[in-house]
Amino acid sequence: MEHFGKKVKLDGYTFDSQKEAQFYQRFIKDCGHRYKVHPSYPLLDKCLVGGYDMKAHGYRPDFVVYDGEEVAHVYDVKTSLDNRAVDDSAKLRFAIFARRYGVPVEVVVPRKNDFKTKLFDYSNAKIQKAHAKRDVHGNVKTYKNGHVKYAYYDVHKNVEYDIHDTIGF
């Protein structure tokens, strides 16, 4: 493997980063489910606007994990859950994908023994567990009035969970 941010070749796949390759090794490769790496999904079809063709747009999630024939998880690996790692264009792709295919994209941040997942574009961020935000030294972050700042995400040790339990369908 190479350094973070550089392409990593492993098991015949080319990953966009070391984090993505590590997520594959630790949680996807031996998960016991069928999976795909970087499959392509159309989001917006080619169409005619003003007499000219508008190109089609697609999305390539990092991993899709199946439970039988059904899609169980669509993962997009990032370095963090903040706006720098997950920009507005990524959130828009996730929203279009979820609306078109009926499955949410789970943004994943791998850690040493588990991984964090976050769902974006839901009207209620509290569909996931609240966790106190911490600074680089591990101190809990607070607002000026002393209230604790929270982030909403789930923590998993493997892919053996049902996303329907999180979003309630």
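Values in this text are rule-based calculations from the coordinates and carry no lab data. Not measured: the values here are computed from a predicted model. Here the Cβ is made from the backbone with ideal geometry for all residues, glycine too, and neighbour counts use every protein chain on show.
³J(HN,Hα) across region 74-83 via Karplus (A = 6.51, B = -1.76, C = 1.60, θ = phi - 60°), whole Hz, x for Gly/Pro?
With the stated coefficients, region 74-83 comes to 10, 10, 10, 7, 10, 7, 7, 9, 8, 5 Hz.
Would you mind checking K9/K116; K55/K129; K36/K78; K133/K157 for any pair whose Cα atoms are more than 28 angstrom apart? Show your work: numbers first, answer last.
Working: K9/K116 24 Å; K55/K129 39 Å; K36/K78 18 Å; K133/K157 20 Å.
Distance filter (> 28 Å) returns K55/K129.
Whole-Hz Karplus ³J(HN,Hα) for region 47-60, in order, using 6.51 cos²θ - 1.76 cosθ + 1.60 and θ = phi - 60°, x for Gly and Pro?
For region 47-60, the Karplus-derived couplings read 8, 9, 10, x, x, 10, 6, 9, 5, 6, 10, x, 9, 10 Hz, x marking Gly and Pro.
Along region 21-36, what does the Karplus equation 6.51 cos²θ - 1.76 cosθ + 1.60 (θ = phi - 60°) give for ³J(HN,Hα), rounded to whole Hz, x for Gly and Pro?
Once rounded to whole Hz, the list reads 5, 5, 4, 4, 4, 7, 10, 9, 3, 10, 6, x, 10, 5, 8, 10.
From the list (i) 27, 22, 17; (ii) 36, 15, 13; (iii) 64, 15, 13, can you say which value of semi-axes √(5λ) of the Cα gyration tensor in Å was derived from the structure given?
Among (i) 27, 22, 17; (ii) 36, 15, 13; (iii) 64, 15, 13, the one calculated here is (i).
How much net charge surrounds D114 when only the other residues with a Cβ under 12 Å from the Cβ of D114 are counted, with Lys and Arg +1 and Asp and Glu -1?
On the way: positive: R26, R111, K112, K116, K157; negative: D154.
Computed value for this residue: +4.
State the answer as a single residue: which of N139, Q18, Y41 lies farthest towards the positive end of the charge dipole of the chain, with beta carbon charges of +1 for Lys and Arg and -1 for Asp and Glu, about the Cα centre.
My answer, from the dipole projection, is N139.
Distances longer than 20 Å among the Cα atoms of region 53-109: what percent of all pairs is that?
Working: 438 of 1596 pairs.
Across region 53-109, Cα pairs with separations above 20 Å total 27 percent.
Report, by chain and number, residues whose modeled amide H sits under 5 Å from the one on K133, excluding near sequence neighbours (fewer than 5 apart, same chain).
Here K141, K149, Y150, A151 satisfy the definition.
Which far-off residues, 5 or more places away or on another chain, put their amide H under 5 Å from the one on L10, with H placed in the peptide plane?
Distant-sequence amide H within range of L10: F15.
Skipping prolines and chain starts, which residues have an amide H placed within reach, meaning under 5 Å, of the one on A72, given they are 5 or more residues away or on another chain?
V65, Y66, D67
Scan region 27-118 for GluC sites (Glu not before Pro) in coil per DSSP, keeping those whose Cβ has at most 15 other Cβ atoms within 10 Å, and list them by number.
On the way: sites: E69, E70, E106; in loops: E69.
For GluC sites (Glu not before Pro) across region 27-118 that sit outside H, G, I, E and B with at most 15 neighbouring Cβ atoms in 10 Å, the list reads E69.
Let me know the charge dipole size of the chain about its Cα centre in debye, to the nearest 20, where only the beta-carbon of Lys, Arg (+1) and Asp, Glu (-1) is charged. The partial results should precede the final answer.
Numbers: 29 positive and 23 negative charges, 151 e Å.
For this selection, approximately 720 debye.
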